[in-house]
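The values are calculated or read from the model by the stated rules, or taken from the named source; none is laboratory data. Everything numeric here is computed off the predicted structure, so don't read it as measured data. We place every Cβ from the backbone using ideal geometry, glycine too, and count neighbours over all the protein chains shown. In case anyone asks, the SASA skips ligands and DNA or RNA and just uses the protein heavy atoms, side chains included. Shrake-Rupley method; radii C 1.70, N 1.55, O 1.52, S 1.80 Å.
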Amino acid sequence: MLSISQNDFVRLTDFIIKNYGINLKAKKVLIEGRLSNYLSSKGYSSFAEYVDYITTTKNNADIEIMLNKLTTNHTFFMREEKHFSFFNEVILPYIEETNKNHSLSIWSAGCSSGEEPYTLSIIMKEYFKSKPVKWDTRLLATDISQNALGKAAKGFYNEDSLKALPTPWKQAYFAKKENGYQVTDELRKNVIFRTFNLMDPICFKNKFDVIFCRNVMIYFDKPTKAALIQRYYDALNPGGYLMIGHSETVDREESNFTYIMPATYRKPL
């Protein structure tokens, strides 16, 4: 197995944190374990050669392979269900009451393979389907990984991924196939998938009512996370909500967000 020198480890982790916000400074063993065989299979004789290549060519496809190997993207439908209950029972009624344009502005940031935005889409469709006024329930879903976005856009999932979904939702929004479930065209068209690096400025046309960014910032160091949280704050409408993972926190002394409940914060009106 190839080993990585301290110098190459620092070069690689500095490059990753600067460009992608992911802090792997304490993950030397993980980097060696997850990349060593891959490097050998690609003909690299050393980590130094690989780090030279990655940091100078900045090839997007190879960087994505590296990031996918070094981070975990495990998700499923209805993960951290309390968020979805709050979204359905508190946030959507608030938006319905206050939004006169009948158009929601929801962002699933770091959407991975699509389970989160599709879950949100189902909840919105169920909530608004009986309303007298038609609402635009389309939402934005972004990720840095083309591989993850490709899977999300296909919308094909195994049975285990859908086990927490109510049976009527499975029947209404998925087609049963031999090896899993296929998202219906109606649901797929309701989600707009885009590539986006969370280290970039947030310059979307409209501000958001809700931003979901769950279990993404676990890889970020404190300054990177604080800067991203501020960008989220600026990107939200007054009264807008930020949902993060339950293993993540917002520093309430440094942020203007109001704490609502675990992993749920609100921009003051």
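Please list, or write none, the aspartates and glutamates whose alpha carbon is within less than 20 Å of the alpha carbon of Lys131, excluding same-chain residues fewer than 8 places away.
Answer for Lys131, where 20 Å is the Cα cut-off: Glu89, Glu96, Glu97, Glu186, Asp209, listed by chain and number.
Within the accessible area of the chain, what % is carbon and sulfur when the probe is 1.4 Å and the other protein chains stay in place? If you can, show how the numbers build up before the last one.
On the way: 6650 of 13400 Å².
C and S atoms contribute 50 percent here.
Helix 222-235 sits at what angle to the longest principal axis of the chain, using alpha carbons and giving 0 to 90 degrees rounded to 10?
Once rounded, the angle reads 30 degrees.
Output wanted: per-residue J couplings in Hz (rounded whole) for the stretch 11-27, from phi through Karplus 6.51 cos²θ - 1.76 cosθ + 1.60, θ = phi - 60°, x for Gly and Pro.
Result, rounded to whole Hz: 4, 5, 5, 5, 4, 5, 5, 5, 9, 10, x, 8, 9, 10, 5, 9, 10.
Could you let me know the centre-to-centre spacing of the stretch 80-155 and the stretch 10-44, using Cα atoms, in angstrom?
Cα centroid of the stretch 80-155 versus Cα centroid of the stretch 10-44: 34 Å apart.
Give me D for the stretch 106-193 in µm² s⁻¹, whole number, from Stokes-Einstein with Rh from the Kirkwood sum over alpha-carbon pairs, 4 °C and 1.567 mPa s. Please list the in-between numbers first.
Numbers: Rh = 13.3 Å.
Estimated diffusion coefficient is 98 µm²/s.
Against the longest principal axis of the chain, how steep is helix 115-128, in degrees 0 to 90 to the nearest 10, with axes from Cα atoms?
Computed tilt is about 10 degrees.
I'd like to check one number: the per residue accessible area of the stretch 81-267, probe 1.4 Å, reported in Å² as a whole number. Don't skip to the end; give the middle numbers.
Working: 9050 Å² over 187 residues.
Result: 48 Å² per residue.
For the chain, with a Gaussian network of springs between Cα atoms less than 10 Å apart, report the residue from Leu236, Leu228, Leu165 with the top mean-square fluctuation.
Among Leu236, Leu228, Leu165, the largest GNM mean-square fluctuation belongs to Leu165.
Work out how much length Asn59 to Lys176 would gain on full extension: take 0.36 nm times their residue separation and subtract the Cα-Cα distance, in nm to one decimal.
Once the chain is fully extended between Asn59 and Lys176, it gains 38.3 nm.
Along each of its three principal axes, how wide is the spread of alpha-carbon positions in the stretch 6-70, in whole angstrom units, largest first?
Computed over the stretch 6-70, the largest-to-smallest principal extents equal 28, 24, 21 Å.
In the chain, which longest range has no trypsin sites (Lys or Arg not before Pro) that are both DSSP loop (not H, G, I, E or B) and surrounded by at most 13 other Cβ atoms within 10 Å?
Working: sites that count: Lys25, Lys42, Lys58, Lys100, Lys129, Lys134, Lys163, Lys189, Lys205, Arg252.
By the stated rule (loop sites, at most 13 other Cβ atoms within 10 Å), 206-251.
Can you pull the semi-axes for the stretch 1-145, root of five times each eigenvalue of the Cα gyration tensor, sorted largest first, whole Å?
44, 14, 13
Shape call for the stretch 208-249 from the C-alpha gyration tensor, a ≥ b ≥ c root eigenvalues: rounded (a/c under 1.5), prolate (a/b greater than b/c) or oblate?
Oblate shape, in that a/c is at least 1.5 and b/c is the bigger or equal ratio.
What percentage of all Cα-Cα pairs in the stretch 161-221 are separated by more than 18 Å? Don't skip to the end; give the middle numbers.
Numbers: 1064 of 1830 pairs.
The answer is 58 percent, as a whole percent.
Considering only DSSP beta bridges with both partners in the chain, what is the antiparallel share in %, to the nearest 5?
Among the beta bridges of the chain, antiparallel pairing accounts for roughly 40 percent.
If the viscosity is 0.692 mPa s and the temperature 37 °C, what Stokes-Einstein diffusion coefficient in µm²/s follows for the stretch 90-152 when Rh is the Kirkwood radius over Cα pairs?
On the way: Rh = 12.6 Å.
Taking Rh from Cα pairs, D becomes 261 µm²/s.
Loop-only check: which chymotrypsin sites (Phe, Trp or Tyr not before Pro) in the stretch 189-235 are DSSP coil with at most 14 other Cβ within 10 angstrom? Write down the numbers at each step before the final one.
Values: sites: Phe193, Phe196, Phe204, Phe208, Phe212, Tyr219, Phe220, Tyr232, Tyr233; in loops: Phe196, Phe204, Phe220.
Those satisfying the criteria are Phe204.
Residues of the stretch 6-70: accessible area per residue at 1.4 Å, in Å²?
Values: 3250 Å² over 65 residues.
About 50 Å² of surface per residue is accessible.
Just to confirm the filter: which GluC sites (Glu not before Pro) across the stretch 101-180 are DSSP coil and have at most 14 other Cβ within 10 angstrom of their Cβ?
When the GluC sites (Glu not before Pro) of the stretch 101-180 are filtered for loop state and at most 14 Cβ neighbours within 10 Å, Glu178 remain.
For the chain, find the longest principal axis of its Cα atoms and tell me its angle to the long axis of helix 60-70, 0 to 90°, nearest 10.
Once rounded, the angle reads 90 degrees.
Before rounding to the nearest 500, sum -39500 (n - 2.57) across all DSSP H runs of length at least 4 in the chain and divide by the residue total; then give [θ] at 222 nm in deg cm²/dmol.
Result for the chain, helices only: -12500 deg cm²/dmol.
With springs connecting C-alpha atoms under 10 Å apart, model the chain as a Gaussian network and identify which of Gly240, Gly43, Gly33 has the largest mean-square fluctuation.
Largest GNM mean-square fluctuation: Gly43.
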